[in-house]
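Asks: Quick one: the structure is below, and I'll ask about it shortly.
The values are calculated or read from the model by the stated rules, or taken from the named source; none is laboratory data. Predicted model, so just to flag it, every value in this text is computed and none were measured. Methodologically, a virtual Cβ is constructed for each residue, glycine included, from the backbone with ideal geometry; neighbour enumeration extends over all protein chains shown. Ligands, DNA and RNA are excluded from the accessible area calculation, which covers all protein heavy atoms including side chains. Shrake-Rupley method; radii C 1.70, N 1.55, O 1.52, S 1.80 Å.
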There are 2 protein chains.
Amino acid sequence: MRREHLSAFIFPSTDPHQGEYIPDHWKGREFISGFNGSAGTAVVTMNAAALWTDSRYFLAAEEQLKGTGFKLMKLKVDGTPTIPQWIGRECGPGAEVAVDGMVNSASSVKELIADLRKEGGITLRTNFDPLAQIWYKRPPIPENKVEIYPLEYAGETAHEKIVRIRQALRQKHADGMLMSALDDIAWTLNLRGTDVHCNPVFVSYLLISSRSATLYINKVKLTPDVEAYLKTEGVGVDAYDNVKKGLKDYFEYNILLDPDEVNYTLYKSVTREIVEEESPVKRMKTVKNETEIAGFRSAMLKDGIAMVKFLSWLSGYIGKQEISQLTEISVDEKLTSFRAEQPLYRDISFDTIAGYGAHGAIVHYEATPETDIPLQPKGLLLLDSGAQYLDGTTDITRTITLGPLTEEEKKVYTLVLKGHIQIELCKFPSGASGTQIDILARQAMWREGLNYLHGTGHGVGTYLNVHEGPHQIRMEWKPAPLVAGMTVTDEPGVYLAGKFGVRTENTLLITPYKETEFGKFLQFESLTLCPIDKTPIVLEMMTREEIDWLNAYHQRVFDTLSPHLSEEETAWLREACAPLGG
Amino acid sequence: MRREHLSAFIFPSTDPHQGEYIPDHWKGREFISGFNGSAGTAVVTMNAAALWTDSRYFLAAEEQLKGTGFKLMKLKVDGTPTIPQWIGRECGPGAEVAVDGMVNSASSVKELIADLRKEGGITLRTNFDPLAQIWYKRPPIPENKVEIYPLEYAGETAHEKIVRIRQALRQKHADGMLMSALDDIAWTLNLRGTDVHCNPVFVSYLLISSRSATLYINKVKLTPDVEAYLKTEGVGVDAYDNVKKGLKDYFEYNILLDPDEVNYTLYKSVTREIVEEESPVKRMKTVKNETEIAGFRSAMLKDGIAMVKFLSWLSGYIGKQEISQLTEISVDEKLTSFRAEQPLYRDISFDTIAGYGAHGAIVHYEATPETDIPLQPKGLLLLDSGAQYLDGTTDITRTITLGPLTEEEKKVYTLVLKGHIQIELCKFPSGASGTQIDILARQAMWREGLNYLHGTGHGVGTYLNVHEGPHQIRMEWKPAPLVAGMTVTDEPGVYLAGKFGVRTENTLLITPYKETEFGKFLQFESLTLCPIDKTPIVLEMMTREEIDWLNAYHQRVFDTLSPHLSEEETAWLREACAPLGG
């Protein structure tokens, strides 16, 4: 830094592709600070170092930063300075600080430049990556092979998708676009990879113009089959590092760049006019075609079978002292083993959250050998898990009774279930956004002064990332309209720190409901097939309509899954799906 | 226009103060086109003329524009060009068109300039008002006297309010502001006027700096008492037309201007740095103090008494042939006469909507001698009305059974009532916006494929405008948070064209509900006191909770109003408030 005359360097949690999970090669913030949470920004000056993260990670960060010299900065806590404010204080006016423009989105760097200017005219350099010099054992960029995602699951060829993308670009008066979101590229080209934990994507860029499409990728990742396939689909190939040159040589009038997706360095290397808009691929990808929907149904059937086998197995321990032979990690492993037996199983879709008792109240808890605890024959186990099958991705949360419950546990469980069911029952005009319907999941708990601070739902990819946008169901304003064919989760929860957590989640499909003089109306259909624990339900708190929904859902779960189960499992399922409330 | 080398002139529906209702002096669009709806824009070129308005006014505009040469342009209908598109087509590239910058907001003119530039580089002049030359019998700007709004109703002196406004400005790093919204000025200064139909405001501007405050007003409007009062409160006075000069002479570092409020001409006359932000006064005004809330309760009691006297009188006609002696206009007059008997009554707060049968389905219907129809002993009468009392403003809608109803009328009425009650029952965290809770009013009707395209609720002023922002309950995104002390209406409806309309509206107060580890929660309390017609209710469609709310509300209405009623009226009210569903 001294050699470069820099006062500070900023290490973000992002990579050149702005993904949620990132390859180890780009985990520079973890390398420099030791903190391994999914969200956090480290800043190093000549004399000080600090790390900003949010409330999910306060405890973990405190632990991991011990002895590193990094000061923990708690985001959204009164008195915590912003990064620019802190740099202003530490480095003084006129200082120059740096980020690596390759691993920060164009929009985030532009915002940072403006904010630093306000702190005494601090300037920002964006062409410097200190990690290249100091990170000796840096993991390489993955060189894993790419595989073709068969048309029998994708339902639309890459060529057809590129034609549709070009149409969408023309509507935005754009001649081409640069795609850098790895799941968008995988979806567009009907290719999948193994470069990122839980996400079947591969590191690359895709440049689409009005007449050509070029995949920038390390060629060792391509088998002859894939190379031939890309040729057939009309997609050229160039080296990963040539993307900058590709942008320089791009010769059309303008190019669409999504400033939240494309990194700053590539954004600035463009010489043509930039159309700054959300990538049209994001929305296209979220609306599933008939083949993808059939794949989801198949994947959900298998996932339901695995879940029921697991729950039936677990039921042998419930209320018994023997349950202490099980731990959070061991039940996760057992569940994964049932999933792995299913056809087309590839991987889990995210790190399982298995939180027993007070651990269930830690929203993003992931059991480690250090935190893992034995189960006890009482209280609630929160289990949020999912799988990647070749025909679809799953995401399900169940909160499971392990023995006697407190009145508070029963009441909170019932409030969360009421919220879940109200979303399942919701009908809404086409074009409504997730923000408009979010309250249905919360109204019952709000009346009791309870709430949860995460979103209520997110899209789910087709053998792709388990989090897929831009539509969401949440309190904050998300304008993306809900459209028939989208998947979205329904996952309200309540977390009482030090006590327990409850969440109940199904993945839903948006389908047409009815058309009247007031327009088209949509509804939800549960794709997830798995009983919801009835033990904790306080019947008097449920409306007739809510009970009816639960009974009908359970009937469907039983009818669909029971042909695929053993006699013993079927007996357990029959009981689990028996009607509530007579 | 030819002399000025102009190709077109645009006449908006707005005035220099961007109010919803405007003095006759500024009804230039009505003068030029003959169309008198509240929303519409006329454009005149050398060879053509057209008027844009929305679906509320298609029928009325069609009628009023007959023979004027103005072509009706239906907003939000496929194929309707925007104003810039139409001008581009009619006038061709490079043309110059004009608006009067004084009667258009800064933001609307900026948008117009950008849009016209896209249509072949058309330019806009903003310093020309053709009405000054062609409108011979133009009504003058009102010269009505201003009166002091007593502290016993306002609850806070003008001086104290100005101190608070300066604090709010400092938080936005602004040294001063120009206020041109007439209700904001009236609220700030605790003055009221009679310049605008239904709105007790007076034409003026208020310029606040860090050390002074100046009211720009035609001095004939001020009595010696008001002049003395303004001096005491630290407010100087200058002539209305001197506001431009006042802005030129304003000598602080910067000034806050709300670009949606301040007109373009004044905006452009500012020489200091402009802080472009929403006026802080808008939000301050909507949060009522204890005195104002007490005033609302008093006004609502009187309004409830007037409504019950009216409904009790009307009940003598219901189901009888004699009802045909009554018309939409005559029932409105009768209702107004009951209100006028109440202490501190000043005026109606908006033009009554009394729509019988199919007229009830016309959302902004106002009966005129030409449209007025006699009532019949069947169907529904939609009655939306309100009053200005010195201690508060009211706004209430009831849909009243006049005789036998169809099954469809009963079902729709019940769905609207369910929506109304769900808002009444809603609890929500402090900071939630109206967009988040809107669905509660609509979910029951959405399940039946019904909807309404207006908002669910708006703020109500304190002896001020019946529509008060920025908070609203509606489908579109309105970020303004709901705060304890705000008033807001709850008015879902359903309108079946050619058949009937239903709306049920109370004015609510936001109050604290409870505080937990999840923060502060708020609730609604109905300020409006008037029975809701039970006759059309389909009991099986109501939940126990909805029935309980209605019964408790009716009990409160009966207990509060009955001491103020005659024996006959009390008997009617007892029946109207009797519990439903046993």
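Asks: Averaged over peptide A:422-429, how many Cβ atoms belonging to another chain are found within 10 Å of each residue's Cβ?
Replies: On the way: counts 1, 0, 0, 2, 4, 8, 7, 5.
Mean number of neighbouring Cβ atoms from other chains: 3.
Asks: Starting with the highest mean, order A:436-446, B:86-96 by the number of other Cβ atoms within 10 Å, averaged over the residues of each peptide.
Replies: Working: A:436-446: 24.8, B:86-96: 17.1.
Put in order of decreasing packing, that is A:436-446, B:86-96.
Asks: Something else now. Using Cα-Cα distances under 8 Å and only pairs 6 or more residues apart, what relative contact order does chain A have, in percent? Walk me through the numbers before you get to the answer.
Replies: Details: 1235 pairs, mean separation 62.0, N = 582.
Once normalised by length, the contact order is 11 percent.
Asks: If you don't mind, there's one more thing I want to ask. Shortest first, in nm, what separates the label point of B:TYR240 from those of the same position in the other copies (7 Å along Cα→Cβ)?
Replies: 7.1
Asks: Next up: Restricting to the stretch B:1-124, what percent of DSSP beta bridges are antiparallel, rounded to 5? Spell out each step's value before the answer.
Replies: Working: 8 of 17 bridges.
If I count the DSSP bridges inside the stretch B:1-124, around 45 percent turn out antiparallel.
Asks: Using just the helices of chain A, give the 222 nm mean residue ellipticity in deg cm²/dmol: DSSP H runs with n ≥ 4 each add -39,500 (n - 2.57), and the total is spread over all residues, rounded to 500.
Replies: Numbers: 19 runs with 189 residues, N = 582.
Taking each H run of at least 4 residues, the total per residue is -9500 deg cm²/dmol.
Asks: Could you pull the copy-to-copy label distances for A:PRO374, with points set 7 Å along Cα to Cβ, in nm to one decimal and sorted shortest first?
Replies: So the distances to the same position in the other copies read 8.9 nm.
Asks: So what's the angle, to the nearest 10 degrees on a 0 to 90 scale, between helix B:407-425 and the longest Cα principal axis of chain B?
Replies: Approximately 70 degrees, to the nearest ten.
Asks: What list of ³J(HN,Hα) values in whole Hz, one per residue of the stretch B:101-113 in order, does the Karplus curve 6.51 cos²θ - 1.76 cosθ + 1.60 (θ = phi - 60°) give from phi, with Gly and Pro shown as x?
Replies: 3J(HN,Hα) across the stretch B:101-113, in whole Hz: x, 6, 10, 10, 5, 4, 5, 5, 5, 4, 5, 4, 4.
Asks: Taking θ as phi - 60°, what are the ³J(HN,Hα) couplings along the stretch B:168-183 by the Karplus curve (6.51, -1.76, 1.60), each to the nearest whole Hz, with x for Gly and Pro?
Replies: Couplings: 4, 5, 4, 4, 9, 6, 10, 8, x, 7, 9, 9, 10, 6, 5, 6 Hz.
Asks: If you average the C-alpha positions of the stretch A:111-131 and of the stretch A:49-83 separately, how far apart do those two centres end up, in angstrom?
Replies: Here the answer is 21 Å between Cα centres.
Asks: Follow-up question, since we're still on this one. Quick query: amide H of B:ILE348 versus all other amide H atoms, modeled in the peptide plane; which residues come in under 5 Å with a sequence gap of 5 or more or a different chain?
Replies: B:GLN388
Asks: In the stretch B:181-292, how many lysine pairs have Cα atoms under 15 Å apart, counting only pairs 8 or more places apart or on different chains? All intermediate terms of the calculation are to be shown ahead of the outcome.
Replies: Details: B:LYS219/B:LYS231; B:LYS244/B:LYS268; B:LYS245/B:LYS268; B:LYS248/B:LYS268.
Summing the qualifying lysine pairs gives 4.
Asks: Same structure, new question: With +1 on each Lys and Arg Cβ and -1 on each Asp and Glu Cβ, how big is the dipole of the protein assembly as shown about its Cα centre, in debye rounded to the nearest 20?
Replies: On the way: 122 positive and 158 negative charges, 397 e Å.
Dipole about the Cα centre, nearest 20: 1900 debye.
Asks: Which value, in Å² and to the nearest 10, is the accessible area of B:LYS302 when all protein chains are kept and the probe is 1.4 Å?
Replies: Counting only protein heavy atoms, the figure is 20 Å².
Asks: Let me spell out the model: positive unit charges on the Cβ of Lys and Arg, negative unit charges on the Cβ of Asp and Glu, origin at the Cα centre of the stretch B:463-582. What dipole size does that give, in debye rounded to 20? Working shown, then result.
Replies: Working: 10 positive and 18 negative charges, 68 e Å.
With only Lys, Arg, Asp and Glu charged at Cβ, the dipole is about 320 debye.
Asks: Once the whole set of protein chains is in place, how much accessible area is left on B:TRP26, using a 1.4 Å probe, in Å² to the nearest 10?
Replies: Using a 1.4 Å probe on the heavy atoms, I get roughly 30 Å².
Asks: In square angstrom, rounded to the nearest 10, how much accessible surface does B:LEU314 have for a 1.4 Å probe?
Replies: 0 Å²
Asks: While we're looking at this one, here's another question. Between copies, how far apart are the A:GLU20 label points? List them in nm, one decimal, shortest first, with each point 7 Å from Cα toward Cβ, please?
Replies: 4.2
Asks: So, one more: If you count, for each residue, the other Cβ atoms within 10 Å and average over each peptide, how do A:217-230, B:344-357, A:339-352 line up from highest to lowest? Mind showing how you got there, number by number?
Replies: Numbers: A:217-230: 15.6, B:344-357: 21.4, A:339-352: 18.0.
Final packing ranking: B:344-357, A:339-352, A:217-230.
Asks: Whole-Hz Karplus ³J(HN,Hα) for the stretch A:295-306, in order, using 6.51 cos²θ - 1.76 cosθ + 1.60 and θ = phi - 60°, x for Gly and Pro?
Replies: x, 4, 4, 5, 5, 5, 4, 5, 5, x, 4, 4
Asks: Ok, one more. With both bridge residues required to lie in the stretch A:191-328, what share of the DSSP beta bridges run antiparallel, to the nearest 5%? Spell out each step's value before the answer.
Replies: Values: 5 of 12 bridges.
Taking every DSSP beta bridge with both residues in the stretch A:191-328, the antiparallel ones total about 40 percent.
Asks: Which percent, nearest 5, of DSSP beta bridges in the protein assembly as shown are antiparallel?
Replies: Working: 122 of 158 bridges.
In the protein assembly as shown, approximately 75 percent of DSSP beta bridges are antiparallel ones.
Asks: To continue, here is another question. Using alpha carbons only, how many angstrom separate the centre of the stretch A:388-461 from the centre of the stretch B:254-332?
Replies: Cα centroid of the stretch A:388-461 versus Cα centroid of the stretch B:254-332: 38 Å apart.
Asks: Determine the order of A:GLU292, B:GLU276, B:GLU515 by accessible area, beginning with the largest, at a probe radius of 1.4 Å.
Replies: Numbers: A:GLU292 10, B:GLU276 90, B:GLU515 135 Å².
Putting A:GLU292, B:GLU276, B:GLU515 in descending order of accessible area: B:GLU515, B:GLU276, A:GLU292.
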